[in-house]
1. Could you tell me which of the residues Ser33, Ser12, Ser48 is exposed (fewer than 12 other Cβ atoms within 10 Å of the Cβ), at pLDDT 55 or above and not hydrophobic (A, V, I, L, M, F, W, C)?
2. Among the residues of region 94-101, is any open to solvent by 30 Å² or more (accessible area, probe 1.4 Å) and either among the hydroxyl-bearing types (Ser, Thr, Tyr) or over 22 Å from the mean Cα position of the chain (by Cα) (or both)?
3. Inside region 171-199, can you point out the residues that are farther than 19 Å from Val224 by Cβ and surrounded by fewer than 23 Cβ atoms within 10 Å (Cβ to Cβ)?
4. Please work out if Glu231 is of a type in the set (D, E, K, R), under 20 Å from Ser70 (Cβ atoms), over 13 Å from the mean Cα position of the chain (by Cα) and surrounded by fewer than 22 Cβ atoms within 10 Å (Cβ to Cβ).
5. Pairs under 6 Å by beta carbon, first residue without any contact (Cβ under 8 Å) to a residue 24 or more places away in the chain in region 173-189, partner open to solvent by less than 10 Å² (accessible area, probe 1.4 Å) and not β-branched (Val, Ile, Thr), six or more apart or different chains?
6. Does any residue of region 208-222 turn out to be buried (at least 18 other Cβ atoms within 10 Å of the Cβ) and in contact with a Gly (Cβ under 6 Å, 6 or more places away or on another chain)?
7. Among all residue pairs at least 6 apart or on different chains, which show Cβ distances below 9 Å where the first residue, located in region 292-316, is open to solvent by 40 Å² or more (accessible area, probe 1.4 Å) and the second is among the acidic types (Asp, Glu) and in a helix (DSSP H, G or I)?
8. Name the residues in region 137-176 that are among the β-branched types (Val, Ile, Thr) and assigned to a helix (DSSP H, G or I), would you?
Amino acid sequence: MRVDAERAGFESLSVAAYFQGQARIAVREGALSVAIAALEQGRERDRSYLRRGRWADYHAVFLAGLYLESGAHDGVAAIIAALSEGPNVEPLTVPGLAFHLACRRPGYGDVSALLDSVLAAVTDQSWRSGSQAHDLLSAAIEGGVPEPRLHELVRALLDENVWDDYRTLVDAQLAEVGGRVAEALAGYQAVCGSQILPPSVRGTAAVGAARCALALDRAGEAEVEAGRAAELLSRWGGWRVAALGRVREQLGLLPDDGERAVSGAAALTPREREVALLIADGLTNAELARRLYISPKTAAVHVSNILHKLGVSSRTQVAEVVGR
């Protein structure tokens with residue numbers, strides 16, 4: 001009877017659902033490595049069953065998504081290859097994963113051609129998902145997809161049934177790409193406390209808010225948002241945490257290992273070069289703030305970043321570097 005149950009898929013599916021449930025709980029708790037471990041264990045258990053057909057690789061798509069989150073690109077490529085040969089795969093699954101991987105691992109595929117495949121496949125998908133839209137848009141931005149095509153992608157992936165919080169997040173991403181920074185900041189901040197979005201996505205919204213606050217020369221606000229992102233992403237990893245690291249670097253905050261790389265004068269932003277010249281002229285932080293119409297705290301952040309990037313420890317040394 002047990003063999004018959006296994007052949008019918010009842011026992012194997014119940015076991016698979018247990019591991020899926022564990023992974024989903026971990027995602028809701030913001031624990032990426034725990035979610036991946038649950039799915040890998042479930043996938044290993046699957047090999048002891050006789051399951052065939054649609055459910056032969058029950059965990060593959062979910063696991064590929066988490067591998068993309070963590071940056072385990074070889075694992076994603078292997079799953080794409082397996083799914084490409086399997087039956088009854090959702091139309092957008094393989095092109096969506098391949099497009100996402102190509103955007104994040106240069107050389108994997110032609111991003112533009114794969115985007116065409118995504119747009120063709122989504123017309124055959126009967127449902128829409130805000131999470132899917134956010135993930136694919138994030139990958140497209142990373143892959144350098146032109147702004148008009150980003151809007152084309154979003155129009156294809158969203159409909160009236162998508163949760164408002166995801167729609168707000170996606171709109172904020174598009175606004176940031178389009179240079180509408182204040183609008184993007186408001187959108188990101190609106191969803192940071194969402195009860196619908198998982199911690200990893202709320203953390204990414206907080207990172208976006210920090211980026212936009214920096215662009216608006218509001219370093220204090222950016223630091224608050226970066227702190228919120230760090231808390232939300234404390235058990236995550238991959239590209240979301242890497243984006244947080246870049247913002248923390250701009251703010252002059254140390255990474256978790258307590259060390260930052262010295263990047264040199266070429267890494268100074270236009271604003272930092274302007275501040276460096278004023279430092280060379282002998283201006284204090286208070287004088288910098290008055291001259292540039294910024295707060296003293298923002299001036300101090302700029303000075304800290306400049307000292308670090310130049311690999312010097314004093315304002316006099318900044319003047320020497322600028323003079324050279």
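1. Working: Ser33 fails: exposed (fewer than 12 other Cβ atoms within 10 Å of the Cβ); Ser12 fails: exposed (fewer than 12 other Cβ atoms within 10 Å of the Cβ).
Just one listed residue meets the conditions, Ser48.
2. Kept after step one, since they are open to solvent by 30 Å² or more (accessible area, probe 1.4 Å), are these residues of region 94-101: 94.
In the following step, the residues that additionally are either among the hydroxyl-bearing types (Ser, Thr, Tyr) or over 22 Å from the mean Cα position of the chain (by Cα) (or both) were identified as none.
No: region 94-101 contains no residue that is open to solvent by 30 Å² or more (accessible area, probe 1.4 Å) and either among the hydroxyl-bearing types (Ser, Thr, Tyr) or over 22 Å from the mean Cα position of the chain (by Cα) (or both).
3. The answer is Asp171, Leu174, Ala175, Val177, Gly178, Gly179, Arg180, Glu183, Gln195, Ile196, Pro198.
4. Details: of a type in the set (D, E, K, R): yes; under 20 Å from Ser70 (Cβ atoms): yes; over 13 Å from the mean Cα position of the chain (by Cα): yes; surrounded by fewer than 22 Cβ atoms within 10 Å (Cβ to Cβ): yes.
Yes, satisfied.
5. Here the result reads Ala175/Ala184; Glu183/Ala175; Gly187/Ala172, each pair linking region 173-189 to a residue that is open to solvent by less than 10 Å² (accessible area, probe 1.4 Å) and not β-branched (Val, Ile, Thr).
6. no
7. Lys297/Glu223
8. To start, the set of residues in region 137-176 that are among the β-branched types (Val, Ile, Thr) comprises 141, 145, 154, 162, 168, 170.
Of everything in region 137-176, those that are among the β-branched types (Val, Ile, Thr) and assigned to a helix (DSSP H, G or I) turn out to be Ile141, Val154, Thr168, Val170.
The values are calculated or read from the model by the stated rules, or taken from the named source; none is laboratory data. Because the structure is a prediction, the values reported are computed rather than measured. Don't worry about glycine lacking a Cβ; one is built from the backbone with ideal geometry, like all the others, and counts go over all protein chains shown. Calculation scope for accessible area: heavy atoms of the full protein, side chains included, ligands and nucleic acids excluded. Shrake-Rupley method; radii C 1.70, N 1.55, O 1.52, S 1.80 Å.
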